[in-house]
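Some notes on the structure that comes next.
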Amino acid sequence: MEDFVRNGNTQAARSYHDATKLSYINLSNKPPLYKSYSEAMSIPLPADSLSSNASTLESVSSPLAGPESPLDLSALARLLYLSAGLIRKAQLPVAGEVHYRAAASAGALFPIEVYVVCEKIPGLDAGVYHFSPADFTLNRLRQGDQRSALAETVAGDSLVAACPVSLIFTANFWRSAWKYRARSYRYCFWDAGTMLANLLAAASASGLPARMLAGFLDEDVNGILGLDSRTESAVCIVPLGQPGPPVAQAAAERSPLTPLQVREVDQPKEVIDYPEVQQVHQSSNLGDGDEVSAWRLAGAGGRRTNSPPAAGDVYSINCGQTPNPDALLADSPLGKVISERGSTRRFAREEMPYVKLASVLASATAPVAADFLGESQPSLLDPYLIVNAVQDLPSGSYFLSAAEARLEQLQRGEMRHEAGHLCFEQALGADASAVVYFMVDLDDVLAKYGNRGYRAAQMEAGILGGRMYLCAHALGLGATGMTFYDDDVTEFFSPHAEGKSLMFLVALGVTHANNRVRPFRSRVGVLLDSMARGASGRRA
């Protein structure tokens with residue numbers, strides 16, 4: 001009788017059937033691409049000086065490419081536009097209106113929001129603001145100088161207290177998880193990284209110092225912004241401009257923050273919870289000032305080097321030492337690159353000059369100004385490459401030693417099918433002239449930084465990838481990021497990459513005249529599918 005009652009409860013079968021349904025994509029619960037507030041004072045941003053004529057490569061690789069300049073509302077508007085702005089719109093025959101933003105985003109979902117915390121600067125009162133790309137405005141969330149409150153979240157970091165402006169990047173988790181599910185947490189940091197690449201380059205071009213801080217008290221920063229940490233949370237803080245006298249206001253003298261008087265509108269519906277995202281984010285939060293201080297100290301320490309010495313041929317990425325240096329023409333200015341940039345959808349199988357590849361690699365891997373990096377540890381990442389069509393560089397796999405400014409050959413030979421397979425069975429990987437894989441010794445990073453080191457590694461990979469986008473387009477090349485088969489990449493580059501994990505990759509090459517995705521199946525994928533159906537995988 002008990003078995004009959006259990007069998008008669010049909011909820012189990014119905015629940016299983018509903019949970020395992022397949023669909024292409026559910027557009028009914030797609031989250032809005034833009035965040036907006038009701039009852040917030042909206043401040044139009046000046047749109048008369050948004051571009052930059054500075055050299056893209058110099059802006060990417062140098063902390064200050066332009067002469068020092070003051071940070072006023074016009075300069076702030078330019079930084080916001082070049083990093084997170086709505087650059088252009090297009091009407092496509094099938095898709096309708098499409099919005100293009102300044103920085104690349106996985107799936108064009110744009111989960112990163114930008115907030116401003118500032119003192120009074122020319123043209124803008126002190127306060128906390130949300131940047132609205134859709135109408136190019138600032139929405140005021142709080143009045144008054146809140147830099148002291150923000151400085152407390154970074155254990156009294158002098159830059160936050162003294163710089164006129166700090167930008168806070170946040171991740172709207174559902175906006176990316178809607179399509180990419182649990183893996184979306186990685187993509188949020190890739191997107192933050194590409195946006196940071198634009199911001200740091202634009203700040204350098206404008207002569208404005210900028211430094212990225214990844215260590216802070218998460219809940220306190222979210223409180224300043226009035227966020228629900230379960231749906232949106234801060235991922236980095238970027239103090240901007242020449243430091244002045246630090247704002248002086250002790251915690252005991254400052255009134256507690258009041259709840260925001262403005263309300264977010266257009267809340268998403270039917271949000272699906274992915275516990276893995278919440279777990280990894282909450283487990284990497286910092287809870288007190290001692291943890292923040294320890295985070296910064298970890299960044300000042302040295303790095304364990306696990307990569308073996310070079311065993312194959314080596315090739316300098318110093319442009320003055322490369323063959324055919326005249327092939328490196330003057331690069332396009334930063335403003336033009338950002339306004340015209342777009343991810344490549346198909347590469348022509350044409351050679352690119354080695355000097356251009358070397359320039360992209362050298363500029364993109366210049367040290368990032370971040371609180372988890374320093375002179376003794378300029379990067380968490382180890383870049384690897386598959387090269388298939390680069391003049392004066394044999395096809396094969398390589399390790400990029402940024403410290404030695406050289407490529408070290410690991411294997412020789414054409415590897416188009418392997419590259420296409422590793423890039424999630426996509427033609428872009430197979431057709432590209434070169435694919436750059438940003439790998440990291442994750443165990444080493446986690447031992448040194450804790451769970452928050454995972455955020456840092458993903459975000460630095462996004463920054464370097466975003467820099468490659470900018471530099472490639474500045475030199476007339478195409479670029480795109482892709483997802484990948486994680487463990488297959490490690491196996492491919494082993495034994496050199498044994499124990500390392502891939503964070504992000506970027507494909508580089510000559511954009512095809514017909515820039516549309518083409519079908520592709522690699523020999524590797526065909527073989528694996530055949531073996532899954534019972535084939536031996538051994539030729540007679």
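The values are calculated or read from the model by the stated rules, or taken from the named source; none is laboratory data. Just so it is clear, the structure is predicted and the values come from calculations on it, not from any experiment. As a convention, Cβ positions derive from the backbone with ideal geometry for all residues, glycine included, and neighbour counts pool all protein chains shown.
Values computed for the structure shown
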item	result
Filter pass, Ala214 being of a type in the set (A, V, I, L, M), assigned by the TED database to the domain that holds Ser132 and either within 16 Å of Ala171 (Cβ to Cβ) or crowded, with 18+ Cβ neighbours inside 10 Å (or both)	yes
Any hit, the stretch 12-23, residues being part of a loop (DSSP other than H, G, I, E, B) and surrounded by 15 or more Cβ atoms within 10 Å (Cβ to Cβ)	no
Conditions (1) outside any helix (DSSP H, G or I); (2) touching a helix residue (DSSP H, G or I) at 6+ places or on another chain (Cβ under 8 Å); (3) surrounded by 16 or more Cβ atoms within 10 Å (Cβ to Cβ); number of the one not met by Pro63	(3)
The listed residue being touching a Pro at 6+ places or on another chain (Cβ under 7 Å) and in contact (Cβ under 8 Å) with a residue 40 or more places away in the chain, out of His496, His473	His496
Members of the stretch 78-100 that are part of a helix (DSSP H, G or I) and touching a strand residue (DSSP E or B) at 6+ places or on another chain (Cβ under 9 Å)	Leu79, Leu80, Tyr81, Ser83, Ala84
Helices (runs of 4 or more DSSP H) wholly inside the stretch 423-518 that include at least 3 residues being within 22 Å of Cys188 (Cα to Cα)	442-449, 452-474, 486-493
Residue among Ser316, Ser376, Ser332 that alone is of a type outside the set (Asp, Glu) and touching a Gly at 6+ places or on another chain (Cβ under 7 Å)	Ser376
First in the stretch 46-65 and over 12 Å from Arg467 (Cβ atoms) and outside the structural domain of Asn318 (by the TED database), second anywhere and assigned to a helix (DSSP H, G or I) and modelled with pLDDT under 95, Cβ under 6 Å, 6 or more apart	none
From Val360, Val337, Val368, residue being assigned to a helix (DSSP H, G or I) and out of contact with any His (no Cβ under 7 Å at 6 or more places or on another chain)	Val360
Meets criteria (surrounded by fewer than 16 Cβ atoms within 10 Å (Cβ to Cβ), more than 26 Å from Ala203 (Cβ to Cβ) and at pLDDT 90 or above) for Glu351	yes
Qualifying strands (runs of 3 or more DSSP E) (wholly inside the stretch 101-157; at least 3 residues being in contact (Cβ under 8 Å) with a residue 12 or more places away in the chain and farther than 18 Å from Pro259 by Cβ)	112-118
Within the stretch 256-280, tally of residues that are farther than 28 Å from Asn139 by Cα, of a type outside the set (Ser, Thr, Tyr) and part of a loop (DSSP other than H, G, I, E, B)	2
Which listed residue, of Asp326, Asp331, is assigned by the TED database to the domain that holds Ala434, at pLDDT below 95, acidic (Asp, Glu) and not in a helix (DSSP H, G or I)	Asp331
Meets criteria (farther than 16 Å from Lys356 by Cα and touching a residue at least 12 places away in the same chain (Cβ under 8 Å)) for Ala430	yes
Options Gly127, Gly96, Gly123; residue that is more than 22 Å from the chain's Cα centre (by Cα) and crowded, with 20+ Cβ neighbours inside 10 Å	Gly127
